[in-house]
Each structure stands twice: as C-alpha cells, then as structure tokens.
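These notes concern the structure reproduced below.
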C-alpha cells in the first residue's frame, strides 16, 4: 500500500506539521524544545550570577553600600508587576486551553501592558542611575563617580568605620546593568512573542486541540519572571540593613 | 634516579630530573599502549579480512569482565600518574621561605630583574649554582609567563598580583628564558637568558656590577620621598602601624579576619589602602595608585622586608653572609 | 562494496524534487540544509587552512621574515577562530548529523525544520562578521582572547570577531536543541534507546554539551565586549577585577567544546567499525554510556588549562584528577572498537581506513592528554608546541579523519553516487603521512621548550620546524585530493544502490539519494542494534512486505488506524 505523503496530509489538524506523526508527538516535541531552551537560558544567566557571587564575596561591604543606592520601591513595584503579569499569562494559557478567544486575547494584552510597565519603570531607574553618574563606564564625556551618601556614612560607622573602595563599588554597578539589561532584553523579546500570539489569536489559529504556542510562550514568560525574582533580592535588598 | 630524555633541554634545576622521569614513564606507557593496540588492530584486520561480499560474521557476546578490566586498570594507572605529577607540582609551586630573592617585573616586551643588592638586569638573569632562588614576579601590563625550559619551570605573571616561583640551579650554563603567554606583537622576542654561574664567579659578577645601592635602600629612599614616614613611624605614635618587625607576621584586620603580611599584602595596601585595614587604625591612608611603578613597589616591599624580623634571608650583597658549601638546602 | 552493474537511481529524490535557488535557500528539508552547511564549512576549512599554510611557511626559518610579527599574530588567531568555531564545531553535527539523525531514527525530518534552516542563516551571519573582521585586519589576541590583552591592549578587531563568534554560537545551540528533541520524541516505533545507532548516542551527548556550554561563551564574550568598550572593570585589577576570571569563564565552555568536536567523530567511527566489520560494536552499552560520561565529565575539567595561571595548587590537583577521569571513557571506547574487529568481516574500503587512522591518531592524542593532565609535566610543556601537537592530533587526526571517513561512507547515500575507491585510498594515505610528518615533530619541539605563538624562534628548533612545514604541504595536498574526486563523482561517479556497503541502519533502507520525506512509510523497528542480516533481508523493499503482513505501521499524517 503506497501512500504518498500528500494523500494523508489532508486536513488532519490545523497546525500539524508534516513531519510529525500526530499532534501528540508535535506537542511533546515543542514542550521538550522549550524546556531545553530554557535550560540554555539558565546557563546564560548563570555566568552572570557566578560573577556576582564571586565579586560579592570579595567585596561584601561595597556591594551592600552600592545596592543601598538603588531604588527599592521601584524594584519592588516591578516585582509585583511581573508577578501579576505571570498571573495574566497563566490565565491567557488557560483560556487558550478552553478555547475562549476573546479572553485569551484580553489576557495576552494585559500581560503585554504589565511587561511594558516593567520596562518603563526600569527605564526610569536607569535614568536615575545615569544622572547620578552610577553607570560604570569610562568615556570622554561620562565617567563613573561614586559619592558616598549621608546614610552611607551612618552605615559606614556601623561597619566599624570601613570606608569603601569606589572601584569595588563599580563592580556592583556593572553587574547590576549587565544582569538587569540582559533580563530587560529578554522581556523585550517576550513582548515581541506576545504580539505575535495576539495576532495569531485574532486570526483564530488557536483551538483547544492546538494552542501549544501559547503554552510554550507562557513557559518562556514565567522563566523571565523567575529570573527577576532572583535578581531583585540579590541586587536590591542586600544593602537594606544600611538605612 | 635521573632519566635523560632525548629531545629534552638540559637538566639544570633540582627538579628537572623528576619531570623528565615522569615524562619518560609516560612515553613508555604511550608506546606500549599504542603499539599493542596497533598490532592488535593489524592482526585482526588481516586475520578477519572480508573474504566474500555476502559474509555475515556471528555476533560476539560482550564481556563484563573485560570491560571492567580495561576500565579499572587504566583508572589505577591514571591515579598513579596523578599522584606522581601532583607531588612534583607541589614541590615546584611551594617556594621555600628563604632563598636568594629576585624580583621580576615583566612588561611588553622585556623582563626586568632586580637583585636585592640593587643589581638590575634586563632579559638576562645571573644566579649562582646550588642556591635556592625565589623569584617574585609581576607585570606592568598584560599577562606574561616566565618559562625556563632547562629548569622545567613556568608560571604566569598576572597584573595586580605577585606570583612566586623558585628553582635551585644544579648546572652552570646559559639557558633560555621565554615568555610563554601570548602578550602581543613582541611576544616572540620577549626572550632572554638565565646565566647560572659557579659560586665564585657569581660573587665576582655581583661585586663588579654598578649598583645604585641595594633594592632595600632604594626602597628606603622612596619611603622618605613619598612621606610614608609621616604616619608609619618607628614608635607607636604614628597614625599608621609600625612597620619594623612586621613582615611575615599575622595581623588582625578590622573585620576580625587575619592576614599574613607578605609581599602581596604590602603591595595591595599601598595601592588600595582601604582593602584590608589593621584593627584599631583609621582608613585615612591615601592611595598611591598611579604614583608608583611596579618596580618602585618592589623596592618598597624589599625595604619593608629588610626591616622585618631577621630571618636568615639572603641578600647576596655581603660576601661574608654567603652560606658555606653544602648548606642544608640540598635535602636530596 | 556491492557491484554497481545495474543500479537504477530513484526517479525523484530530495536533490531533484524541486529546482531553483529559492528551493535551496528556503528549504526546510534537513538533507538540503546539511548540504548548505557542507558548502559553508568546506569554505571555512580551506580558509583556515590557508592561514595554516602561511603560518607554516613563516616557521620554515628561525627569523621572522615572511610576514611581520603583527600579521603573524593575526594569522594564528584567525586560523584558530575560523577552524574552531566555523569548521570543527559545526562540521560533523551540522553536515552529517543534520543529514543522518532523522534517517537513522526513521523520522521524516528533525523536530524543528525551520529552526534548522534558521541555524544555518545564523551561522552565516556570524561568519559574515568574522569575515569582515578578517578583511579589516583581523584580530591578534589568539583564539583564546585572554584579558587584559584582549580587553585593553590589543588594537585588533576584537569586538567584531567576538560578535561573529557570539552569533554563531546560537547556531550551535539551535542544532543541539533540535537533535535532543528529535531523538527524544521522534524515534520510529520499536526504536528503543538501546537499539539506537551509536552515532545517535554520540550526537545526543554532543547536543547536551552544545546547549549547556555555548551560552557561557556567549556571556563571556558579552562581558569582554563591555570591558573593551566601556571599561567596566570586570577583568581590570586596578578596580578590583580579576583577569584570570576571564580564563575560567572562557574555558568553562571551551573545554566542553573540544568534546563537541570529538564526540560526533567518535560516533562516526562507531558506525564505520560496526558496519565495515559487519558486527555489533563490542560493549555497545558501555560505548553509549561512555559518550554520556565524556559529556558530563567534560564540564568538570576546565581548570586544567589554568595549571600555570596562578590558580591555587589544590584546585590544580582537583582538576588534574578529574581530567584523568574523563580520559577513561575515551580509552574504553578505543578498546571496544578494537574488540569489535575480533571475528569480524573486515573491509578495507576507504571509510575503514579513515577509521583505523582515527584510532591511531586518537591514541597518541589521547595519551598525550595524560601527559598534560600530569601537573608536574604540564608546567614544562603547557604553552609550548607539545600542546599544539596534542590538540591537533585530536582535532585533525581525530575529528577531521572522522569527518572524512563519514563523508566517504555516506557519500553514496547523500549524493547517490559512488566515489572512486582507488583515489580515495590514495588520498587517505597522503593525509595519514602528511599529518604525522606535520604534527609529530611538534611534540619534540614542545618538550625541547619551543613556546607556541612564536613567530621567530631560536635556531636549534629549525630542523623540526622544517619537517613540520614539509608535512603540512603534504597534508594540504592530501585534503585537496578528496575535494577534487568527490566533486567529480557528483557528476561522473557511478550511481549508488540503496545499500552499497551491506550496512546496517535505517538510513540504508531507503533509496540513494533518499526521497524528500525519507521513507515511503515510517519504519517499525523489530531488530536490535547492529543485528546484521543478509543484504536482501535488510532491504526496505522486501522488508516492507513483511511489515505489511506482521506489523501495524504507524500511519503518516495523523490518521488513525
């Protein structure tokens, strides 16, 4: 019984790629692929976390003092924003599973709005740091400058009158910008993915049988959220006791 | 037992022979393994060559015993090699506390040597036979690597820290010194010589050289010039710790931890005074980063060492202090 | 090889199914993508080879007289960058792996065909950056980019080259991802893990390394770029950074990377030995697990590149002992391959010659690894030509022999043509002789003390250098010979039957070349690994009738049964 590929491919399922035997196999492949990809992301961020661990253990005081200069309020709001966005994303996935197109689109858009909010707040924070000359670069027109603040002097007394080395403070800031910057880049990519999902949803591409793009994108979004959950305390909260 | 390998440089240090012995063993092992497997493959390939296009040989069962054997035996051989290699490494990288001190500053693309008595050499180092030589090194710019094939020793020099090797030359002669870590355009020409001389010739060479005074005295001059004396006085009235008798001791820092006052600590404290402050002192020492070169740092280090507790450290400047022949460093 | 008298090639197959440049540049067929990669990696192999020729020409004389020092430094750097990132890492996985993985497991394509195509484009974008870097003067830091030379002092195109490598890394990650998912989810019914060809096991292990290791070099390059552009201070001791940290980060990827280069070659060798002796690989499970062990242990030994870097002596000891641990599984493989020959039916066709060559070179390369893992010896020979010889034995004597052996073995399947056997054997011989003459003297040079990356050297090293350069010229010819006759065979070679070798494996149970969808029907596997049977029993056309009667084939396209 010769069956050519063309014959059997007739309208089996929307979205079933020709090289898979059935939707189950395709779904399995997609899910495993996304998890494997997230593992690579862990390794990518891992390098930065490793550098953080190394330099923080070398210069604990400078890290505490530098972290103290970050805006904890904004960081905290951002954390809440991201957690809520994970909630809206999860709801979006749920509605794609039950086939509710309008609510799916609504929650995808809500997720995007929250993501955008995160980025805007981040931008404000970066601007603050820029103005305070805390961006750790050395150009002709802009140099990193560290002026100890009043609270630091108090904190410094608590740390048995140890003064800080600005070079080591600078270590903290490049880690801050590198880690949050790479994270923000992933958020932007996530927004792009969500936009694509919204467009696909509007065209009716998702059904209860086929909605894995939404699920897989959900995985990605949750991962980016979890990275932030680690970044926030490590970057913002280690100097809190110095107030 | 000293083994001599073909294609090897002179064996000119006390551990060269140990390296060559291990190398020779590894060569023998490699030849044994390589030849036996090659012969076996040739034998099988000939004996079992395909005679007809359609033949299908009978499957051969695997053998757990064989697998275990050829896993466990190589494992034990490897562990033996590991232990042997580690013990040589340990010797190479644990410099004796006393020895003829040489300070080295590497830079693109030359080696600058300083003897304690003030002799300066560029790209050529004179040392006597039979004395342990401690070489403390740093670099002004990029990473280089101090490599003397005849001594079988190599160690990178890294900016921002001191690295120390030692060797005991056993044979007079002139041996290559190479930079072994790629460092830019002039990497291939960052080479020089180690001149190992008999003890008497070495003394002659030392006294013949024009010097500006010993390394330590240059350091003392610098100490005055940079006004270190203002805070680091010999009595306890200064704002900084007393430096006499300090080198080599353990001190307690502000955060409670302890540190030994060695070359690295002194260098760090000059360049980055707030890093490790001794308990009981204020963080008021200014930094001298950018005001002292690596060589000047070594002079200061040598000075502080010279006013440290007197170990039987050799400076090489005073002929009367030269140890008698057959002194206890041979230990073989 | 089977007599080629009356072979009729299939009318439609993947090469002639569609025509036109677009059908190639926008293909999602893994087989076509493999050929796209073949073109790219071949180009870069010869580019890297050109740099090598210039290097060896310069080293004929002790003085630096052919090129300037600066140029020479750029030559060896670009030789390393091009060969490592644009040839050795992708060659076997992206060419042979892409072509064969779906065929060997009975699938129609990889799990993510479009991502496969994307990976080729990403490779080319990265390659473009690197080529631009080369054309605008290249970079002179060594392929290892050590700081602070690369971050502060070098005036070469560090960032451009770094971007090129960074981007190409994603190509590697996507390939690895594709393989892992494919092997997990798309095996034909009946194809359990221990019935898989060892080529698949090797590529699975390789893919693990690709996805876990490559992101680390990406972040390392990112940090290097930040340091170089903005002087943020990570590797700058003046502000508390550590230049040796770069070495740790760099080698954390780059050591596993060498296993990315050699594991696929080992997979090829397993296939060649098994099929060219018509026997199951002795200790199949041990070889399979050895691949995984190499992948895992490979991540634990990076510090053996830092024995003289001022790393702690005790850390050195830990890395040394782990380095011996990673050598054991490789040795186990060699013993198992040798044992496979016992009571086999051994063919002397070219692929087998390359397999024998591989084993010989790999023994030398691997054993000299033991020299380097021995701390006391490493202090003397690291950063000398001893290391250069060691890694060329593994990468050229190992990986490239595996690549060429595999290329010859699967050439009939890939192109539907047979290559000329006599010329091929001659070429293999030339490569073997040229290789030994080039690289064996370098072991001696290294022990004598000649450092690497030297453009001028003391005169006592000249004789061995001349030998090495002479060998290099022979080796170069040796690589050109297959290039020529393989291309010739694509047009004028005799047509190949589906299974010219009488080999085992699903890829041999479809036509040469295969149809676009690989198999007329998804095969069902009822046999164990390397269960050789007479050729007719392994032929798809007769097997299919058996299947029809006894087993339910898995339907194509989702229709239930």
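Computed from the coordinates by the stated procedures, all read-outs in this text should not be read as laboratory data. This structure is a prediction, so every number in the text was calculated from the model and none was measured. Cβ: placed from backbone, ideal geometry, glycine included. Neighbour counts: every protein chain shown.
Here are the numbers for this structure:
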item: Computed helical MRE - 222 nm, chain B, DSSP H runs ≥ 4 contributing -39500 (n - 2.57), nearest 500; result: -10500 deg cm²/dmol
item: Rough spin-label spacing in nm, given labels placed 7 Å along Cα→Cβ, for residue B:279 and residue A:230; result: 3.7
item: Extension gain from residue A:219 to residue A:103, taking 0.36 nm per residue of separation minus the Cα-Cα distance; result: 39.9 nm
item: Mean residue ellipticity (222 nm) of chain C, computed from DSSP H runs ≥ 4 via -39,500 (n - 2.57), nearest 500; result: -21000 deg cm²/dmol
item: Pairwise label distance in nanometres, residue C:225 with residue C:46, each label 7 Å out on the Cα-Cβ vector; result: 3.1
item: Euclidean distance of C-alpha centroids, the range A:17-52 and the range C:230-261, integer Å; result: 26
item: At R0 = 41 Å, FRET efficiency that the Cβ-Cβ distance of residue B:207 and residue B:25 yields, to 0.05; result: 0.35
item: On Cα atoms only, tilt of C:158-185 relative to the major axis of chain C in degrees; result: 30
item: Virtual paramagnetic centre 7 Å along Cα→Cβ of residue C:114, amide N under 19 Å, in the range C:13-35; result: C:22-34
item: Considering only chain B, percent of DSSP beta bridges that pair antiparallel, nearest 5; result: 70
item: Extended-chain gain in nm, criterion 0.36 nm per residue less alpha-carbon gap, residue B:72 and residue B:120; result: 11.8 nm
item: Shape of chain B, Cα gyration tensor, a/c cut at 1.5; result: prolate
item: Using alpha-carbon coordinates, inclination of helix C:350-373 to the longest axis of chain C, degrees; result: 30
item: Peptide ranges C:94-105, B:84-95 listed from the most packed, as the mean C-beta count within 10 angstrom indicates; result: C:94-105, B:84-95
item: MRE, 222 nm, helices only [DSSP H, n ≥ 4, -39500 (n - 2.57), over chain A, to nearest 500]; result: -25500 deg cm²/dmol
item: Average partner coverage of A:172-185, which counts Cβ from other chains inside 10 Å; result: 2
item: Computed E for residue B:226/residue A:83 - FRET, C-beta separation, R0 41 angstrom, nearest 0.05; result: 0.15
item: Nearest-0.05 FRET efficiency for residue C:152 and residue C:65, computed from C-beta distance (R0 41 Å); result: 0.85
item: Within the range B:100-211, percent of DSSP bridges classed antiparallel, to nearest 5; result: 70
item: Anisotropy class of the range B:103-242 from Cα gyration tensor, a/c 1.5 cut; result: oblate
item: C-alpha long axis of helix C:313-341 to longest principal axis of chain C, angle in °; result: 30
item: The range B:1-150 - share of DSSP beta bridges that are antiparallel (%, nearest 5); result: 55
item: Overall form of the protein assembly as shown per C-alpha gyration tensor (a/c, 1.5; a/b vs b/c); result: oblate
item: Packing-based order for C:243-250, C:12-19, using average beta carbon neighbours within 10 Å, highest first; result: C:243-250, C:12-19
item: Label-point separation, residue B:233 to residue A:147 (7 Å along Cα→Cβ), nm; result: 3.7
